[in-house]
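Written below as structure tokens is the structure these notes are about.
The values are calculated or read from the model by the stated rules, or taken from the named source; none is laboratory data. Nothing here was measured: the structure is a model prediction, and the numbers come from that model. As a convention, Cβ positions derive from the backbone with ideal geometry for all residues, glycine included, and neighbour counts pool all protein chains shown.
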């Protein structure tokens, strides 16, 4: 297996007034290509902080983090933005889409930042929307899509730039049961059919039970990291 | 760069209309502010031109030539010979649109009822018509028909004060070339209308008649001239001075300091008004854009999280401002043009009575759109507006994605 993400000795401290609050206390973690992993843990355990650091949205206090061999701690803000654009797909819990763009334009957005030619990116965006089951909704703006449909557009956008890894933060938190199930199935299919690597921070047992790798964070450390055979993932 | 613009332009334009009410209010602030700047500039310029024309087209011309000392003591003692040589060449060249020769002297006019001081002007009517409007302002009787005309044309108010009229005779007294008092009767052949001060001061007769009256042969005391629009008056005067060093040659700016001061003041007033209006507009624009940025702080975090470079976020917000102010500027220009076109026959200042006359303006202002001024003031407002919004744009670009989105 090839490690896409490698975290070594990651610590993160926040200042709250004069108090130093540790959020991560030395995390060593490697995410392999093709992983379909969940990152769980109680609130305040540090999973969001870890996901922020893996996604290049925040910087560790100590330790190194690399994606596809590239050391994130050595990059400035502009270079980090470029790295997020090319290597990482994001699916956020809420406020996922750019409200003034249609579904297809949202999917095209990251490709446009990457200067993908107009015809190619439009075709790719439509194909992605087809993959996530949103045929016929290409021209709808987010305000005319349901929560589940918006998350599907977000997944399509995350995949359209062909990232090394997709990071999802509580992707099902705002969805009803049926929509949440559909979304998990969609991501699982994409992982199995195309080998897309997923790392999802979640409390949702429905998500956890479907992932093949289950990482638990507690008190800023990796408490457990278990691989489950595919047949065990429900 | 074009790829970036193709990405950012539609995004910026659509973002503008997310809050139509706020956008419309900002557009109105910019457009009304610019409208006031442009319309004021047009009106003040019209006033300035009117003031200048009223002075220059009555008697002054754009420049005058005298013998040295004449302006301090306007008598025949300070007369000069007819222009000749290089000076005449310049006066006859394309650098000068028209000129007239005058004998202009302090005099006393007497009717059977009253004696009043005035200035007698001997002139060649054909030449005078080319640079003065007074020959066409005769309201009773006629103007002079040639340089040898022996009649006199009085201002209406002077005639009223003298209790004389067309067809009657008045006696004019002035110093002759020997310093003695010359005296002659003139038949009143016409009465002209002009600002009251002019009507009271100037009376016109034929140049040759005035020369004979004062006994100065063919000498004159004044040459007034105008230049073509494209000509630089300072350059013409410099050339004249070089060609004729013994003469006192002045532009209208020296001869009519009030008119010059009025036009200078108006130019400065327009600039001052521009800054006041811009300061007010800038407060409105910056406030609006700051609100828009704070409302969309999560979105800027999202854009950066997705891989949009901070400098592109800066460009996007700046483009929004540029478009917003651009729409306001366009509307402001349209409103100003319509405002000016609403007065195709000029603006009648008759309601101001003699007030307008006192500051040298004519009774009717003719506002005109000056494309150069419109472009300059609009560009200044647009540029400064965009620069002012760099502050909120910079704040948007410096947003930390993690903090902006609250959590991952």
- [ ] Just name the residue that is nearest to the chain's Cα centre (by Cα) out of those in the range B:212-242 that are in a helix (DSSP H, G or I) and over 22 Å from residue B:102 (Cβ atoms).
- [x] B:234
Open item on the list: If I filter the range A:178-198 for residues that are in contact with a helix residue (DSSP H, G or I) (Cβ under 6 Å, 6 or more places away or on another chain) and either within 13 Å of chain B (Cβ to nearest Cβ) or free of Cβ contacts under 8 Å to residues at least 24 places away in the same chain (or both), do I get at least one hit?
Closed with: no
Open item on the list: Tell me yes or no: at least one residue of the range B:260-275 is within 14 Å of chain A (Cβ to nearest Cβ), under 20 Å from residue B:377 (Cα atoms) and either buried (at least 21 other Cβ atoms within 10 Å of the Cβ) or modelled with pLDDT of 85 or more (or both).
Closed with: no
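Any idea which of A:57, A:83, A:75 is in contact with a strand residue (DSSP E or B) (Cβ under 8 Å, 6 or more places away or on another chain) and more than 27 Å from residue A:145 (Cα to Cα)?
A:83
Yes or no, residue by residue, for (1) within 7 Å of another protein chain (Cβ to nearest Cβ); (2) under 21 Å from residue B:310 (Cβ atoms); (3) surrounded by 24 or more Cβ atoms within 10 Å (Cβ to Cβ):
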| residue | (1), (2), (3) |
| --- | --- |
| A:89 | no, yes, yes |
| A:93 | no, no, no |
| A:102 | no, no, no |
| A:111 | no, yes, no |
| A:116 | no, no, no |
| A:120 | no, no, no |
| A:125 | no, no, yes |
TODO: Filter the range B:301-315 for residues that are within 11 Å of chain A (Cβ to nearest Cβ) and part of a helix (DSSP H, G or I) and give the result.
DONE: B:301, B:302, B:303, B:304, B:305, B:310, B:311, B:312, B:313
Open item on the list: Quick check on residue A:150: is it buried (at least 19 other Cβ atoms within 10 Å of the Cβ), more than 8 Å from chain B (Cβ to nearest Cβ) and modelled with pLDDT of 90 or more?
Closed with: yes
TODO: Considering each residue of the range A:7-47, count those that are in contact with a strand residue (DSSP E or B) (Cβ under 6 Å, 6 or more places away or on another chain) and within 14 Å of chain B (Cβ to nearest Cβ), and give that number.
DONE: 9
- [ ] Test residue A:15 against the criterion of being outside any strand (DSSP E or B) and farther than 22 Å from residue A:226 by Cβ, and give yes or no.
- [x] no
- [ ] Evaluate the range A:167-177: report whether one residue or more is at pLDDT 90 or above, touching a strand residue (DSSP E or B) at 6+ places or on another chain (Cβ under 7 Å), within 19 Å of residue A:191 (Cβ to Cβ) and more than 9 Å from every other protein chain (Cβ to nearest Cβ).
- [x] yes
Open item on the list: Looking for something without any contact (Cβ under 8 Å) to a residue 60 or more places away in the chain, farther than 17 Å from residue A:222 by Cα and surrounded by fewer than 20 Cβ atoms within 10 Å (Cβ to Cβ) - is there at least one such residue anywhere in the range A:20-42?
Closed with: yes
